[in-house]
Structure formats: C-alpha cells, structure tokens
Amino acid sequence: MRAKSEFRKKSDAVATMDRMAGESQEVRRLIEESRTNAAVAQIIYAARTKAGLSQVELAEKLGTKQSVISRLEDADYEGHSLSMLQRIAAALGQCLEIRFLPPAKKGRGRRADTAILEPVG
C-alpha cells in the first residue's frame with residue numbers, strides 16, 4: 001500500500017507545481033529541469049543501493065571520492081554528465097538507456113514519476 005500513497009503524494013505535488021507555475025513557460029522550464037535533476041539523482045541512488053554498494057564503494061569503483069557520489073545523488077545537483085552516467089552504469093554492470101519521450105500534455109513537462117534515464121539490466 002505504501003507505493004500507492006507515495007504515488008498519490010507525487011501526483012499531489014505535481015498538481016500543486018502545475019497550479020503554481022500557471023502559464024509561465026520559464027517557471028515550467030525550471031520545474032522540468034528540477035524534475036530531471038531529481039530523477040537522475042534517484043536513479044543513481046536506486047541503482048547503487050540495488051547493487052548493494054555504499055557511496056564509498058561506488059566511488060572506489062569509479063576512481064573518485066564519496067563526496068562526488070553524494071553530489072550526484074543530490075536532487076538539487078545540476079552537473080550530471082553523460083560520461084559520468086556511463087561510468088556509473090559500467091561500474092554497476094549496467095547499460096545506460098536514454099530516450100526522448102513526448103510531453104504528457106502540450107506545454108507541460110512529463111510527470112514527476114516518469115524516469116527519463118533508467119539503468120537497464
């Protein structure tokens with residue numbers, strides 16, 4: 001039942017953001033950017049924890065520091081790069097899939113619960 005209530009919370013949050021944005025394309029663009037950053041961070045976190053690795057262990061596999069992994073898993077981080085995502089996927093024994101998808105509604109961004117990038121395994 002937890003997943004259902006989490007989905008409802010996400011749906012409520014998306015509806016609230018849509019109301020707040022109104023017709024402002026700039027606000028909608030910023031919201032979509034934030035959604036994308038949060039989605040990427042969540043995907044990295046989920047893939048790492050599914051692999052049973054700590055941030056330190058993943059950092060060692062990538063030849064970097066734990067603080068870098070922490071930043072990458074931060075929903076507010078805006079510096080995700082394709083090359084780092086590929087390195088993470090390889091370190092986790094995953095493939096990286098990137099897709100272009102049409103928006104849910106004209107003039108609006110994708111739903112917050114739609115992953116843009118997802119590890120394939």
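The values are calculated or read from the model by the stated rules, or taken from the named source; none is laboratory data. Nothing here was measured: the structure is a model prediction, and the numbers come from that model. Heads up: the accessible areas ignore ligands, DNA and RNA and are worked out on the full protein's heavy atoms, side chains in. Shrake-Rupley method; radii C 1.70, N 1.55, O 1.52, S 1.80 Å.
Listed values for the stretch 81-89 are Karplus-derived 3J(HN,Hα) couplings in whole Hz (6.51 cos²θ - 1.76 cosθ + 1.60, θ = phi - 60°), namely 10, 4, 5, 5, 4, 5, 5, 4, 4, and x replaces Gly and Pro. Rounded to the nearest 10 square angstrom, E33 shows an accessible area of 80 square angstrom against a 1.4 Å probe. Heavy-atom accessible area for D18, with the other protein chains in place and a 1.4 Å probe, reaches approximately 40 Å².
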